Structures are given as structure tokens and as C-alpha cells.
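A short write-up of the structure that comes next.
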Amino acid sequence: MEGWKEYSAKTVDEATEAALAELNLTIDQVEIEVLERESSGFLGFHSKPARINVRVKTVEVNEPAEIAEAMISNSDICNTAVKFLDEVLTAMDIKAEIKVDYNVENEEINVELAGDDMGVLIGKRGATLDSLQYLVSLVVNKESEKYIKVKLDTENYRERRKETLENLAHNIAIKVKKTRRNVSLEPMNPYERRIIHSCLQNDKFVETHSEGEEPYRKVVITLKKGVQFDDNRRRYGRGNNRFNDNNKKKISSSREFHKKYGADTKDYSTDYKKDYAAYLESKAAAKAAAEAEKNN
């Protein structure tokens, strides 16, 4: 079937989550066909995983006429993405440098945006960046026979967000081990949920699963059944300072942050405020060093 790709997992929900994470899309942006539901078998024997087919929905996008008329090929995919993004950024009155790299082997296009006010494009927890990435994906795939994955990033947000989520996963895992109580994280998109799952998949004491419906689906971290601790309090209680030390770290108040870095940062999450402040400070330091070297 044209455009469809098969995914398999223990349950239909897990197969769906794996597909959405790989495509970096949300449930409303894809079509799903259940080929075979999971089966537990008899007394756990002869169980079968779930199988589904997934493809990206076809949506009309009002891109510029010259883009619609362009024939999509390996040589002009990048130009198509650049032209569309240039139109969008111009309409938003945002000046940014657009760098595009097409990986033929992986059938993947990487787009990097650089400018002075990229926080507006990132949005709250990367929501604006994700939406823009989806639109670019629709444009470049409109005339393509095979699906081309699009990754859109600015100020290395994706990698820094990944590191933030991995640190969060480790810290919450320690909390679960210490308190022996389940912890539910805030709602995340499929890609971010997969980061949490992958980060803790080899942990001997905790496990993860997702609950809820999109877009409010969230990861829950729980203690594995039958887990026994040796001197648990010493290992995960007061003697372990990692979780406690992280809790002691604080950033400036929201008012001070907005005053220093601009009013547009009011929707930034606490984690991203910390990362963004560090990024701007390192950027300013590099600029000052360059000017000092130039003057000497």
C-alpha cells in the first residue's frame, strides 16, 4: 500500500507510540490501520504482538505557486524547503539564516535556523518549532513518492531538550526508588516520551509506560514488581545527594528572566529558561572574546 509503513509492538498503543516517535508527528497527523491486535495466547504461551500500518495524512498547504510547480527530486528538495520557510519567516517578520542538508541514504532532510530572536520560533516546550517542522514536511512530501523525514532545529534546541529530559528521567527514577511511589510526568509529544522510555529501559528497578490520550498523553514511571532493595534507605535515601542537589539548583525568578532576556520568553518552560540563559551567556562571551581579539 502506497505510503504505508508497518509497525509492530507488544500492544497497539505501543506500536502507535513507536511510529509517532519515529516520524516525529502527533496522532492527528497520521492515519492508522490496525492489521492485528495483540494476543496473550493461552496461559502466556503463543502470544502475538500487535501490528499496525501507519502513513502521514495528506493535507493541503497553501505554499507559493513556484513551490507547488516544482518537481521534487534529490537536487531540489532543499530549495523547496528553503523557499517555503523563507515565505513563512517573512510573514512572521523574522530574519533568520536557513541551512538545509539532505541525507539521501537516510531519506532525511535537516534544517537549521539561525538568528537573533529564535525563541519565538521555539515556543513553549518546542511546540511552535514542531508545528513548523510539520508544515515543512507536508511541503517537501507533497510530490514525493516516498516519505522524507524532516528535522527542524534552532539554537541546538533538540539536543538540549533531549539532555534535559534524560536528566529528568534519571532524577525521577531516583525519586521513585526512594519513595516507592509512581510519578507521572507532564504531557509530552511522542518523540519526547520515547526519550524517557529509552533512557530508563535498562534500569533494574523502575519501568515506564504511557497513559492518557493525545495530546495529553504522559509517561508514568513506576517501581518494577518484585523489586527488592538491599539497605534501600542508604542507597536511595539521605545518603544519595544526586536528586537532592538537583532540587537545590535554582534559576532567577520569571520577572527577572523576562526583564533580562525579553518579554517573548514568558512562555518558556523552567527547564528551557535555564538552558536558554546558559546559551545566551556563552554566545555573549564568545562575541566579547571575538571583539577583544579584533581590537588587539
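The values are calculated or read from the model by the stated rules, or taken from the named source; none is laboratory data. Remember, it's a predicted structure, so these values are computed and weren't measured experimentally. Reconstructed Cβ throughout: ideal geometry from the backbone, glycine too, with neighbour counts over all protein chains shown. For the accessible areas, the whole protein counts, side chains as well, though only heavy atoms, and no ligand, DNA or RNA atoms are used. Shrake-Rupley method; radii C 1.70, N 1.55, O 1.52, S 1.80 Å.
Numbers below:
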{"quantity": "Residue under evaluation Leu165, criteria (1) open to solvent by 30 Å² or more (accessible area, probe 1.4 Å); (2) in contact with a helix residue (DSSP H, G or I) (Cβ under 6 Å, 6 or more places away or on another chain), criterion not met", "calculated": "(1)"}
{"quantity": "Count of residues meeting criterion [under 21 Å from the mean Cα position of the chain (by Cα), modelled with pLDDT under 85 and part of a strand (DSSP E or B)] in the range 17-54", "calculated": "1"}
{"quantity": "Odd one out for Ser131, checked against (1) at pLDDT 85 or above; (2) on the phi > 0 side of the Ramachandran plot", "calculated": "(2)"}
{"quantity": "Search result, residues across the range 84-100 that are crowded, with 17+ Cβ neighbours inside 10 Å, closer than 15 Å to Val140 by Cα and not β-branched (Val, Ile, Thr)", "calculated": "Phe84, Leu85"}
